[in-house]
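The values are calculated or read from the model by the stated rules, or taken from the named source; none is laboratory data. Please read these numbers as outputs of a predicted model, since none were measured by experiment. Every residue, glycine among them, receives a Cβ derived from its backbone with ideal geometry; neighbour counts consider all protein chains shown.
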Amino acid sequence: MDGHQDSPFRRFTELSHQYGPVFAMTMGSMPCVVVNDYDSIKEVLITNGSKFGGRPDFTRYNALFAGDRNNSLALCDWSSLQETRRKIARTYCSPKVYSSNYCLLDSISSNELDVFLDSLATVSVRGSECEVQLKQLLLMASANMFIRFMCSTQFEYGDPEFQNMVRTYDEIFWDINHGYAVDFLPWLKPFYAGHMRKLSKWSTQIRQFIMDMVVSKRSSYAKAVAAALDGASDQSRENNDYAADDDDVDEQEPTDFTDALLMSLRKEPGLKMNHVLFELEDFIGGHSAVGNMVMLALSMVATRPHVAQAIRDEAEQVTGGQRLACLYDKPDMPYTEATLLETLRFISSPIVPHVATEDTTIKGFKISKDTCIIINNYEINTSPAYWDNPEVFDPNRFVHRKFGAKPCIRKPEYFLPFSTGKRTCIGQQLVSGFGFVLLAGVLQRYEVKATAELAIPEARMALPPDTYPLILKPLDGSR
Ligand code: HEM
């Protein structure tokens, strides 16, 4: 890997051409296996997925989650607790179209888009083009969409505490999207003491914000705490610390995700306050992924004006030029959705490493328990074996057109930006919904151009917290 620290996935691909699609390597002191083709990736994630549900025990992951990465949804090992946490999240993260939660997603995303475009109008100059630090604004819009949906509250973009929270999440997102030598060489830990302290500090700051601004204001929080105190003094509740005192509370419908999490403390044995707070923080943190992704999609479009125009044309056709596109327009605007998918393919965002939880095999090769499995989806996203002209950014590759039928999205089975199987991403519907509204909204109002600083990462979803600006020029007729 020497000399390839900045593009490890490209290096894995080169090595796979030399050693085959499944090869073993020891990274520092950690035995790893890299899987590079769809067949073996499918074996790890689906066919044999129950044996690959663990995550690597990186020191950084522990530092971010109060000393125990099992507090985190994405970085914990598989367990019944994880199944419970995923179950609670499902109603809110994957609402069915036309359910009340989907309807809420629609109104929140449109409403926040208006707020975002208003604040963009104050920084862009009427009629002429100007450079805008768009990422910060996109992150704040996305954060408010998540917080409104999950916590029923919202913040002003000018609020310094909100700005600080958004910044801290983005710093974490940037860090987590990187590999460090200490991940594989734990004895380097003393040299990273300052870095680990910084990670713990970020995590504490986020907890403070979420507690002060969201959770502590809830009546369901007070009830959960009271039940916990009650439970602590009652030996008969040893295995169910937060069991309900009165049936009334359990019969109430949660008002939102925060409420559902706090109420689940009284219903789910084994679930502790710390678990639900970390779960809430994890999900709110999803806004960083969405903000970074939309910034990347706009960066792609900035150097490909024909893509921007095709999105505008699609929006014009669906809205009659009378309004901004909304979530319910998504099925009628496949090209816009496809632009986000093509962005994810093109930059090839990586899959979190898995770990074998027992001795097993991949393609007949023996894999020992605790081996770290690196899934090289850079190869399946960029190889000519899977795609025509993979080096060309072309959203049309995801749009299926058939004479007499409405164009629709079609994804090949080997396209796995959100992974698949039991640890698949829980946030994909929120990503495609909020991402769609933001991307379409910006392009309906602005022409977007690149500056000389533009730098698109390879096999990485995160842009640096302080990244390049984009040039915005209001379109004729827009505010
Ligand atoms: C562009 C945005 C995103 C991309 C490309 C993405 C992709 C991924 C990938 C590849 C994984 C790893 C799956 C595996 O290990 O097999 C993952 C896990 C996860 N994602 Fe996302 N994600 C995105 C946004 C989000 C958002 C917005 C949320 C929350 C609302 C979210 C929540 C999660 C969670 C909780 C997991 C861990 C699941 C588990 O380990 O059981 N993601 N995501």
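Numerical summary
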item: Filtered residues of the stretch 325-343 (kept if in contact with an Asp or Glu (Cβ under 7 Å, 6 or more places away or on another chain) and either of a type outside the set (A, V, I, L, M) or within 18 Å of Pro417 (Cβ to Cβ) (or both)); result: Cys326, Tyr328, Lys330, Tyr335, Thr336, Glu342
item: Residue within the stretch 137-150 that is over 30 Å from Lys422 (Cα atoms), surrounded by fewer than 14 Cβ atoms within 10 Å (Cβ to Cβ) and more than 15 Å from the ligand (Cβ to nearest atom) present; result: no
item: Selection count, the stretch 272-304, where residues are out of contact with any Lys or Arg (no Cβ under 8 Å at 6 or more places or on another chain), farther than 23 Å from Pro417 by Cβ and not aromatic (Phe, Trp, Tyr); result: 5
item: Cβ pairs under 8 Å, 6+ apart, first in the stretch 409-426 and assigned to a loop (DSSP other than H, G, I, E, B), second β-branched (Val, Ile, Thr) and within 6 Å of the ligand (Cβ to nearest atom); result: Leu416/Ile351; Phe418/Thr424; Phe418/Val431; Ser419/Ile351; Ser419/Val352; Arg423/Val352; Cys425/Val431
item: Unmet criterion (only one of (1) more than 28 Å from the chain's Cα centre (by Cα); (2) without any contact (Cβ under 8 Å) to a residue 12 or more places away in the chain) for Ile367; result: (2)
item: Qualifying position, being under 23 Å from the mean Cα position of the chain (by Cα), buried (at least 17 other Cβ atoms within 10 Å of the Cβ), away from the ligand (no atom under 16 Å from the Cβ) and not small (Gly, Ala, Ser), among Leu430, Leu438, Leu443; result: Leu443
item: Residue within the stretch 77-95 that is over 19 Å from the mean Cα position of the chain (by Cα) and away from the ligand (no atom under 14 Å from the Cβ) present; result: no
item: Among the residues listed as Ser110, Ser50, the single one being touching a Cys at 6+ places or on another chain (Cβ under 6 Å) and in contact (Cβ under 8 Å) with a residue 24 or more places away in the chain; result: Ser110
item: Positions within the stretch 412-421 being loosely packed, with under 15 Cβ neighbours inside 10 Å and within 16 Å of the ligand (Cβ to nearest atom), in sequence order; result: Glu413
item: Qualifying residue in the stretch 132-145 (condition: part of a helix (DSSP H, G or I) and more than 22 Å from Phe173 (Cβ to Cβ)); result: no
item: Residue among Ile409, Ile362, Ile456 that is within 27 Å of Ala24 (Cβ to Cβ), away from the ligand (no atom under 11 Å from the Cβ) and among the aliphatic types (A, V, I, L, M); result: Ile362
item: Residue that is farthest from Ile176 (Cα to Cα) [pool: residues in the stretch 62-82 that are in a helix (DSSP H, G or I) and without any contact (Cβ under 8 Å) to a residue 24 or more places away in the chain]; result: Gln82
item: Some residue of the stretch 423-444 being touching a strand residue (DSSP E or B) at 6+ places or on another chain (Cβ under 8 Å), of a type outside the set (Asp, Glu) and over 24 Å from His354 (Cα atoms); result: yes
item: Options Asp183, Asp118; residue that is at pLDDT below 95 and part of a helix (DSSP H, G or I); result: Asp183
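Yes/no per residue for (1) closer than 20 Å to Gln136 by Cβ; (2) among the polar types (S, T, N, Q); (3) surrounded by fewer than 14 Cβ atoms within 10 Å (Cβ to Cβ):
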{"site": "Gly158", "(1), (2), (3)": "yes, no, yes"}
{"site": "Trp174", "(1), (2), (3)": "yes, no, no"}
{"site": "Tyr180", "(1), (2), (3)": "no, no, no"}
{"site": "Trp202", "(1), (2), (3)": "yes, no, no"}
